[in-house]
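Note sheet for the following structure.
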Amino acid sequence: MKVAYIRVSTEEQNDSYQRDLLSDCEKVFAEKKSGKNADRPQLKAMLDFVREGDCVKVVSISRLARNTKDLLTIIDTLSNKGVSFVSLNENIDTSTASGKFMLTVFGAMYQMEREYLLEKQREGIRVAKEAGKYTGKPRLDIDEVAFRKECKKWRDGEQTATDTMKRLNLKPNTFYRRVKEMGL
């Protein structure tokens, strides 16, 4: 059976281009989720669904994984199940030796591309900060009296840190940063 895996990164994006190119597949797994990690429901469902003799098809390997480690782990899972993999854009077919080799090369290139993008983003933020144009996320206003009261209960063992964070509606990083800032 030919199985398509389709992914776009955001809800606003349209996957019709991928659906058109993979219209010969009998089963389609599609999702709108970032590819930065392999923790994606439809990817997991597809990996559970495929069986020996099936072929997983994607438009591009970047739709399957955004780093070499995840890509090779997914391909290894498919191989162990006796499932081949085809990527249309890169003309890769893992049922051939050259296809397996090219898959590794392209996976490394996509990972490098992503790392360059993140590097450029960090550099842009640094330059914007130096120019005073980037302030980051606005600081969350916290009722200091309520914060100190809840922290006292936490320090006195009356409640856990998790309960304190829930009561204050704070995430761990913000909570512990404020504890440190206030010397609690």
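The values are calculated or read from the model by the stated rules, or taken from the named source; none is laboratory data. What you see is a predicted model; the values in this text were computed from it and never measured. Because the Cβ atoms are built from the backbone with ideal geometry, glycine has one as well, and the counts that use them run over all protein chains shown.
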Just one of (1) of a type in the set (S, T, Y); (2) part of a loop (DSSP other than H, G, I, E, B); (3) touching a Lys or Arg at 6+ places or on another chain (Cβ under 9 Å) trips up Y5, so point out which. (2)
What are the residues in the stretch 64-112 that are over 24 Å from K2 (Cβ atoms) and at pLDDT 85 or above, if any? M112
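To keep it simple, each residue is scored yes or no on (1) of a type in the set (A, V, I, L, M, F, W, C); (2) at pLDDT below 90; (3) in contact with a strand residue (DSSP E or B) (Cβ under 8 Å, 6 or more places away or on another chain).
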position: R114; (1), (2), (3): no, yes, no
position: L117; (1), (2), (3): yes, yes, no
position: T135; (1), (2), (3): no, yes, no
position: D141; (1), (2), (3): no, yes, no
position: K149; (1), (2), (3): no, no, no
position: W154; (1), (2), (3): yes, no, no
position: Q159; (1), (2), (3): no, no, no
position: K166; (1), (2), (3): no, no, no
position: G183; (1), (2), (3): no, yes, no
Residues of the stretch 11-38 classified as out of contact with any strand residue (DSSP E or B) (no Cβ under 6 Å at 6 or more places or on another chain) and either among the polar types (S, T, N, Q) or free of Cβ contacts under 8 Å to residues at least 12 places away in the same chain (or both), total: 8
Identify all residues within the stretch 121-145 that are assigned to a helix (DSSP H, G or I), over 26 Å from L170 (Cα atoms) and of a type outside the set (K, R); write none if there are none. Q121, E123, G124, V127, A128, E130
Among F85, F106, which is the only one that is under 30 Å from D20 (Cβ atoms), in a helix (DSSP H, G or I), among the aromatic types (F, W, Y) and assigned by TED's automatic domain parsing to the domain that holds D24? F106
Pull out all pairs, ordered by first then second residue, where Cβ-Cβ is under 6 Å, the residues are six or more apart or on different chains, the first lies in the stretch 173-184 and is within 12 Å of E144 (Cα to Cα) and part of a helix (DSSP H, G or I), and the second is among the polar types (S, T, N, Q) and modelled with pLDDT under 90. none
Output the residue which, of all residues in the stretch 69-122 that are among the hydrophobic types (A, V, I, L, M, F, W, C) and without any contact (Cβ under 8 Å) to a residue 12 or more places away in the chain, is surrounded by the most Cβ atoms within 10 Å (Cβ to Cβ). M109
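Restricting to the stretch 57-73, what's the tally of residues that are of a type in the set (K, R) and part of a helix (DSSP H, G or I)?
Residues meeting the conditions: 2.
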Could you list, in sequence order, all residues of the stretch 39-61 that are in contact (Cβ under 8 Å) with a residue 12 or more places away in the chain and within 12 Å of the chain's Cα centre (by Cα)? R40, L43
Among S34, S23, which is the only one that is modelled with pLDDT of 95 or more, assigned to a loop (DSSP other than H, G, I, E, B), assigned by TED's automatic domain parsing to the domain that holds N91 and surrounded by fewer than 18 Cβ atoms within 10 Å (Cβ to Cβ)? S23
